[in-house]
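Below you'll find the structure, written out as structure tokens, and then a few comments.
We did not get these values from a lab; they are worked out from the coordinates using the rules stated. On a predicted model such as this, the values are computed, not experimentally measured, just so you know. Ideal geometry is used to build each Cβ from the backbone, glycine not excepted, and the neighbour counts take in all protein chains shown.
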């Protein structure tokens, strides 16, 4: 894996903030954390998105794979337990449940899910859906500045990650946590440290309307969860906010909800972008609201870049090979030209030397008496075995050998003769040996023929 940078970007009440991390093969190290004020106008989500104008210099800060966090109020979030551990079955069930509870048709939604907890037979799953126009709007805002989004998460989940890592969420019992970060007002219920419900509120931290709305939402949420989970009664409400919670408001909330309110400042936690970044790097499944066509578009871009690099590399290698072959060809061509010039210079002398060699060979052949006809006849007669044997014909061919035909008193005499000839150092081998019996005028004789092959003379000898 190559080193890469991951950057998480989040909205703040007056702009955006980001955290970057350099991921190496064996370690990670911070790559930057900062914020930038951006004027935001408009009341609705769509108006806010349309009114965001990222400064030109923002692209210099947002490097690598970009993860952004959507407002929780822009998401449809439900947590359900499914009686399966199979990933394919879970995905099918999520699609079916979102279609049941969503007021929008499936083609207008981006849907994702993540598994929060699994037992031996069931899975607790967080289902998330967002309108495509919202996602496309955020994508266009960043695309105008040359920044492409790689991952989309939920703000509330980033805060939950920071709270869990800091040990602010109890791992036993039931706990209610309220998070007001100036953009979202979220209520989360945890069982044994795992979220079992998320709710969005419209009230503000400093508003007295918060008392009625929060009390009603807490009661409704706990009643709903009692039908699905065997939850113990919560002992308190953990309230996290950037703004101070007035003492009078806290007392009224405690009285109305019947639970003590424990107030905490969000400023003691790292920035939200760091929580989103931790989720991006974490193990396990995570919600991913990036539209499939964005992913396919990026894959095509990567394939085009890879194809361009491969094509360029092939072209470069081909050019190098071509130049190498051309260089080798030119060197060999020059060597061949030199050799041809040398050959032309020595050819007359070489031709004359070859002719002289042939003449010398012929002269040696006809002056050499070591295998002459007389010497061959002497050797043949020397090797005649005991017994009556007569030659009928004796044919000698210079450098080739001798052909003999004759008769003998018996076949054994012929065989002994052939055996003696075969052992002679003068003859290389015997061929075309034949022995027949012939009776003439009552006399029975063995007729034989044989070819005695002389050793081939080597050149120059």
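Couple of notes before you dig in:
- Cβ-derived FRET efficiency at R0 41 Å, residue 310 paired with residue 362, nearest 0.05: 0.05
- Taking 7 Å steps out from each Cα toward its Cβ at residue 418 and residue 338 produces label points 6.2 nm apart.
- Fewest-first ordering of 111, 128 by other beta carbons within 10 Å of each residue's beta carbon gives 111, 128.
- Sorted into 10 angstrom bins from 0, the C-alpha pair distances of segment 373-453 split as 18, 56, 22, 4, 0 percent.
- Crossing angle, helix 247-257 versus the chain [Cα axis fit, 0-90 degrees, rounded to tens]: 80
- Against the chain, whose longest principal axis comes from its Cα atoms, helix 272-281 is set at around 30 degrees.
- CD proxy at 222 nm, helix term only [per DSSP H run n ≥ 4: -39500 (n - 2.57); per residue of the chain; nearest 500]: -13500 deg cm²/dmol
- Span from the segment 308-381 Cα centroid across to the segment 181-253 one, whole angstrom: 99
- Three semi-axes describe the equivalent ellipsoid of segment 168-268; taken as square roots of 5 times the Cα gyration tensor eigenvalues and ordered largest first, they are 21, 15, 12 Å.
- Calculated FRET value between residue 222 and residue 171, using beta carbons and R₀ = 25 Å, to 0.05: 0.80
- When only Cα pairs below 8 angstrom with a gap of at least 6 residues are kept, the chain shows a relative contact order of 11 percent.
- Length gained on full extension, residue 268 to residue 59, computed as 0.36 nm times the residue gap minus the Cα-Cα distance: 72.4 nm.
- Label sites at residue 303 and residue 391, each approximated as a point 7 angstrom past Cα along Cα to Cβ, lie 9.2 nm apart.
- Stretching the chain fully between residue 432 and residue 318 yields a gain of 34.7 nm (0.36 nm per residue, less the alpha carbon separation).
- The reciprocal of the average 1/r between distinct C-alpha atoms defines the Kirkwood hydrodynamic radius, which for the chain equals 31.5 Å.
- Each peptide in 377-389, 300-312, 167-179 receives the mean, over its residues, of other Cβ atoms within 10 Å, and ordering these scores from highest gives 167-179, 377-389, 300-312.
- Mean projected area in nm² (Cα convex hull; one quarter of hull surface) for segment 293-367: 9.2
- In nm, spacing of pseudo-spin labels at residue 107 and residue 293 (7 Å Cα→C-beta vector): 1.1
- Going from the fewest other Cβ atoms within 10 Å to the most, the residues 153, 411 appear in the order 411, 153.
- Acute angle (nearest 10 degrees) that the helix 132-143 long axis makes with the longest principal axis of the chain, alpha-carbon atoms: 70
- Residues 145, 431, 131, arranged from fewest to most other Cβ atoms within 10 angstrom of their Cβ, appear as 431, 145, 131.
- If R0 equals 56 Å, the separation of the Cβ atoms of residue 236 and residue 144 corresponds to a calculated FRET efficiency of about 0.75.
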